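Engineer: Pasting a structure below so you can have a look.
Each value in this text was obtained by applying a stated rule to the coordinates, not by laboratory testing. Please read all numbers here as calculations on a predicted model, not as lab measurements. When we count neighbours, we look across all protein chains shown, and the Cβ atoms used for this are built from the backbone with ideal geometry, even at glycine.
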Amino acid sequence: MQSDSRLIPVDPFVLTVFGATGDLARRKILPALYHRDLDGQLPDQATIIGVSRRDLGDDGFAALAREAIGEHIRPAEQFPAAIERFIGRLRFCPVDASSDEGWPELAAAVKPYADRVQVLYLATAPDLFAPICERLGRFGLANHVARVVIEKPIGKDLQSARRLNDAIGQVFSEDRVYRIDHYLGKETVQNVMALRFANALFEPLWNAGHIDHVQITVAESLGVEDRAGYYDTAGALRDMVQNHILQLLCLVAMEPPRSLDADAVRDEKLKVLRSLKPIDKDLVGALTVRGQYRAGASPKGAVPGYLDELGEARGASSTETFVAFKAEIGNWRWAGVPFYLRTGKRLPTRVSEIVVSFRPVPHSIFAGQAGPVEANHLVVRLQPDEGVKLWLMIKDPGPGGLRLKHVPLDMTFAEAFGVRNPDAYERLLLDVVRGNQTLFMRRDEVEAAWAWIDPILQAWKDNNMAPRPYTAGTWGPAASIALIERDGRTWLEDAA
Ligand code: BG6
């Protein structure tokens, strides 16, 4: 429970969580704040006000927070004194987000903390974002030090995203809007920036002249669980690609920003999004693969198919639970370099990985018995077992003829540093308090991502491109393998 001198303390704040009884608050927000408190990073004057329609009272909210900590914090990190200190920070206020009920009381509850940083976290259903913002404005809660935090889905297409951004923008200027993409808060995702811009080694090679292709895989072994209602209206393209995967692609592909300043970084990401080559009706069949899982196996045993999980009512759903892409960025740095992207539910394992595959040596001096000279790969493993591997060719040690071997220079972070990787929300929440928007999506980024996604959705529809079935526990439809293999390349499943 000792405070770590490397941690930068934050200013006094009051964080109001709308949707405080929901899944996001229980699973992520409360545990993340507890962790930061445990590490001694929260100032004495840090207060968390839970808001929901159901009136829990202070005691009920405290009980909910205890439960959340019990469920989502490792037992070794559950210290009674720290839990009590954290619980002491909590207040509760019943408010109906869709009417004026409870708002004057909330304004009164926040008033004593007027001199602190105000954070308003909308952990609610997205259709409440606009009405809540409007009331925050009307009831005087959106003052000049207040920041609003929202999370995807930010719209379901470009038009609805614009509408939502407009509604939020009526009340909060862009420098006070924090759009979370929790992938940007992941430790190893930030490592992509560290690797690229804190080493002289990679950047000179980081272009079409030296990179053959890039692969990004975000695989989950879980199915849609209890989120089928939302998921069925979204699908893998909206749920994972529009946000997380495109953000990863931006970090890999962007030009070096002038600094880590929020707009410097976001300007560069925006340029990448705007340079993505459009995938239209004519190309969509060749460049994208949709899939939907059927009954099969997960690491924990037999599992039903997606349609069975949805039940009778939605039995005919054509929502994709898997998607693979070949994307291209139309600029000088990346011309002709394919970015193969894929994500899906009920794949064999949970793994997220970026593979940068370099071009082969131009000419091999080694004779046949030395074996093939394989290409170098840089593999950034986001989860689990975070780390970086650089695959190199070396001489196989030992006597006898010269044989070559492909081996990784391995930096598995848990082994190298022995530290706990903080959850993305721990960093992101405190960045909001600090007023640092670097890891949050700016309005134009979100809209540029939709502008690339929309035509794909439309083309799927126009071409009646139904998802192809795949068996739960496999790497998606065979067409995803064909997508990359017809270019003479292969998905690197065990790259890390
Ligand atoms: C969420 C998606 O944004 O990210 C989920 O809505 C997905 O469908 C999740 O499961 C994956 O996040 P993580 O951090 O577990 O990789």
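Matching residues to (1) assigned to a helix (DSSP H, G or I); (2) β-branched (Val, Ile, Thr):
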{"residue": "Tyr425", "(1), (2)": "yes, no"}
{"residue": "Leu428", "(1), (2)": "yes, no"}
{"residue": "Val433", "(1), (2)": "yes, yes"}
{"residue": "Asn436", "(1), (2)": "no, no"}
{"residue": "Val446", "(1), (2)": "yes, yes"}
{"residue": "Asp454", "(1), (2)": "yes, no"}
{"residue": "Ala459", "(1), (2)": "yes, no"}
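Engineer: Moving on to the next point. Name the pairs whose Cβ atoms lie under 8 Å apart, with the first residue in segment 211-229 and farther than 30 Å from Ala335 by Cα, the second away from the ligand (no atom under 13 Å from the Cβ) and assigned to a strand (DSSP E or B), and 6 or more positions between them or separate chains?
Structural biologist: Ser221/Ser298; Leu222/Ser298; Gly223/Tyr293; Gly223/Ser298; Gly223/Val303
Engineer: Go through segment 386-406 residue by residue and tally those that are loosely packed, with under 13 Cβ neighbours inside 10 Å and either touching a residue at least 24 places away in the same chain (Cβ under 8 Å) or outside any loop (DSSP other than H, G, I, E, B) (or both).
Structural biologist: Final tally of qualifying residues: 4.
Residue by residue, here is whether (1) surrounded by fewer than 21 Cβ atoms within 10 Å (Cβ to Cβ); (2) away from the ligand (no atom under 16 Å from the Cβ); (3) over 17 Å from the mean Cα position of the chain (by Cα) holds:
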| position | (1), (2), (3) |
| --- | --- |
| Leu341 | no, no, no |
| Val356 | no, yes, yes |
| Phe366 | yes, yes, yes |
| Pro372 | yes, yes, yes |
| Asn376 | yes, yes, yes |
| Leu382 | no, no, no |
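Engineer: If you take the residues in segment 99-131 that are part of a helix (DSSP H, G or I) and acidic (Asp, Glu), which one is farthest from the chain's Cα centre (by Cα)?
Structural biologist: Glu105
Engineer: Would you tally the residues in segment 158-202 being polar (S, T, N, Q) and within 16 Å of the ligand (Cβ to nearest atom)?
Structural biologist: So the first thing to find is which residues in segment 158-202 are polar (S, T, N, Q), and the list is 159-160, 165, 170, 173, 188, 190-191, 199.
Those still in the list that are within 16 Å of the ligand (Cβ to nearest atom) too: 188, 190-191.
Residues in segment 158-202 being polar (S, T, N, Q) and within 16 Å of the ligand (Cβ to nearest atom): 3 in total.
Engineer: What single numbered condition from (1) exposed (fewer than 14 other Cβ atoms within 10 Å of the Cβ); (2) in contact with a helix residue (DSSP H, G or I) (Cβ under 9 Å, 6 or more places away or on another chain) fails to hold for Trp460?
Structural biologist: (1)
Engineer: Spot the failing condition for Arg266; the list is (1) within 16 Å of the ligand (Cβ to nearest atom); (2) part of a helix (DSSP H, G or I); (3) in contact with a helix residue (DSSP H, G or I) (Cβ under 7 Å, 6 or more places away or on another chain), and only one is missed.
Structural biologist: (1)
Engineer: Pull out all pairs, ordered by first then second residue, where Cβ-Cβ is under 9 Å, the residues are six or more apart or on different chains, the first lies in segment 129-140 and is in contact (Cβ under 8 Å) with a residue 60 or more places away in the chain, and the second is surrounded by fewer than 18 Cβ atoms within 10 Å (Cβ to Cβ).
Structural biologist: Ile132/Ser98
Engineer: A follow-up question, please. Mind listing whichever residues of segment 203-230 are in a strand (DSSP E or B) and within 13 Å of the ligand (Cβ to nearest atom)?
Structural biologist: Ile216, Thr217, Val218, Ala219
Engineer: When residues of segment 240-254 are filtered for being away from the ligand (no atom under 16 Å from the Cβ) and either under 9 Å from the mean Cα position of the chain (by Cα) or among the basic types (Lys, Arg) (or both), how many remain?
Structural biologist: Final tally of qualifying residues: 0.
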